[in-house]
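Encoded as structure tokens, the structure appears first; notes follow it.
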Amino acid sequence: MIGGVSHLPTTEAAVTALRALAETYDREIEVTHDIGADRTSRRTAAGVGVITDPDGSLPHEAFVEFGGLPRVSVRLYPEDDALIDVEGVECPDIPRDDVPAFLHSVFGGRVYVRARRVPPGYFLIVPLPEDRTHKEFIPMIVLTPWLSARVR
């Protein structure tokens, strides 16, 4: 639970939580909304002129970019998950409710990069609440100066 928010039922609730997080860490934020089955990225099978899902709901997707370092962007999907990009490292399938905690760890300086010698490789490690972590492989060619400074 970050900032009193434990559940984010809608994309708009998540965007509101991210705006509050941006204010907390003094970050610029830019939000782009895509509303309707014909506009969202995962609804490619929607027919021409169809804007609602078969159940009558109106899907809402948002793309959020934060200013400053590290470079962070978030794509919030209507299916209650998100794709978070931290310095070029894509972290897919993050539950919507974990997005504020994930970004709190990134902006709060708690993320680190673990190096492995055999076979060589790097992993972005993001601590989450309740003793959970998110681990994502980093190709060596994507290792930016910001990521290199966090290698353990």
Query - Förster radius 30 Å - calculated FRET efficiency between Asp131 and Arg71, Cβ distance, rounded to 0.05 - result: 0.60
Query - Extended-chain gain in nm, criterion 0.36 nm per residue less alpha-carbon gap, Asp85 and Phe63 - result: 6.8 nm
Query raised in the report: Which sequence of Phe137, Phe63, Phe107, Phe102 reflects their accessible areas, 1.4 Å probe, from the largest down?
Result: Phe137, Phe63, Phe107, Phe102
Requested in this report: Go ahead and collect, in residue order, the members of the stretch 76-98 whose backbone nitrogen is under 14 Å from a label point 7 Å along the Cα-Cβ direction of Trp146.
Outcome: 84-91
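The values are calculated or read from the model by the stated rules, or taken from the named source; none is laboratory data. Since the structure is predicted, the reported quantities are computational estimates derived from the model, not experimental observations. Cβ coordinates were reconstructed from backbone atoms using ideal geometry, including for glycine residues, and neighbour counts include every protein chain displayed. The protein model used for the area step is the full one, side chains on, heavy atoms only, and it has no ligands, DNA or RNA in it. Shrake-Rupley method; radii C 1.70, N 1.55, O 1.52, S 1.80 Å.
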